[in-house]
1. Post the alpha-carbon centroid distance, segment 128-197 to segment 44-69, in whole angstrom.
2. Could you give the length gained on full extension between residue 73 and residue 189, defined as 0.36 nm per residue of separation minus the Cα-Cα distance, in nm?
3. Set Lys and Arg Cβ to +1 and Asp and Glu Cβ to -1, take the dipole of segment 2-162 about its Cα centre, and tell me which of 132, 48, 158 lies farthest positive.
4. For segment 137-202, just run the numbers: alpha carbon Rg, then divide by 2.2 N^0.38 Å, N being how many residues it has.
5. How much space per residue, in cubic angstrom, does the convex hull of the C-alpha atoms of segment 167-241 take up?
6. Keeping every protein chain in place, order 150, 11 by accessible area at 1.4 Å, biggest value first, i.e. largest first.
7. How much accessible area does residue 179 have with a 1.4 Å probe, in Å² rounded to the nearest 10?
8. Put 205, 127 in order of accessible area, largest first, 1.4 Å probe: what do you get?
Amino acid sequence: MRFDILTLFPDMFTGPLTESILKRAQQAGVIEIALHNIRDFAPDRHRTTDDAPYGGGAGMVMKPVPLAASIGHVLAQYTTPPPVLLLSPDGQQFTQAHAAQLAQLPALVLVCGHYEGVDERVRETLISHELSIGDYVLTGGELAAMVVVDAVARLVAGVLDAASIHEESHTDGLLEYPHYTRPAVWEGQAVPPILLSGHHGEVAIWRRQQRLLRTLQRRPDMLTHAAAAGLLTPADRAFLATHGWPTPPAAAPAAPEPSL
Ligand code: ADE
């Protein structure tokens, strides 16, 4: 999968995208990340990329000409144009479901917004979708783009061992079970004995119950959603009931999965 990132600050990406798993995935040719400096597409001598907003007010707005030219330059390299996503606090909240959907694509263009925002005409004509990584405002879209690339890239086939994605938080509506490794006793705290028992079936049941319990305690909203989406077995429901879970009505409407 190829990621084209359009940014005013390409140096910010050194480190997060050049270390660890993403580094190995790029070396293996499973993913490709191309950085494009929007400033290179500014036609004037000063390479201006922002200007004051029409109508007055605080802050600066990203000019349409360099932004549109940079997007056009990237899209010209494709026969089938990939989606162009703008990272913005006004966008749809990015979720694991988006990550899974995007990881199926051959390519993705990410535009990092800056200043007060981008000229609305570019948003309307060249942006396929806007994504936010949370309800807070960053200094720009770069960190958000890195978050999206990281979350998507690890789901691209061949980047991680498939087993490690299987039962992790947010993939199937439940949080993860707790993990332990050697030593068996650390500072007086022993690992749960079931994990040392060698009974794989019982370990699997314990882990499932830990996922249910953790989700009930930390994210009861997720449990309600999992129940409505039919992701809980009768055994899950019975276990949760013994921990005081107020079983939601069977006909509770399932919240729609976010889609791009
Ligand atoms: N740019 C500034 N804040 C952002 C956010 N929360 N998500 C995505 N892009 C942003």
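1. Segment 128-197 and segment 44-69 have Cα centres spaced 38 Å from each other.
2. Numbers: separation 116, 0.36 × 116 = 41.76 nm, distance 5.80 nm.
Stretched fully, the residue 73-residue 189 segment lengthens by 36.0 nm.
3. 158
4. Working: Rg = 17.6 Å, N = 66, 2.2 N^0.38 = 10.8 Å.
Here the answer is 1.63, to two decimals.
5. Details: hull volume 7.9 nm³, N = 75.
So the per-residue hull volume is 106 Å³.
6. Putting 150, 11 in descending order of accessible area: 11, 150.
7. Here the accessible area works out near 120 Å².
8. On the way: 205 100, 127 25 Å².
Final ranking, largest accessible area leading: 205, 127.
The values are calculated or read from the model by the stated rules, or taken from the named source; none is laboratory data. Just so it is clear, the structure is predicted and the values come from calculations on it, not from any experiment. Please note: Cβ atoms are built from the backbone with ideal geometry, for glycine as well, and neighbour counts cover all protein chains shown. Surface accessibility is based on the protein's heavy atoms, side chains included, excluding ligands, DNA and RNA. Shrake-Rupley method; radii C 1.70, N 1.55, O 1.52, S 1.80 Å.
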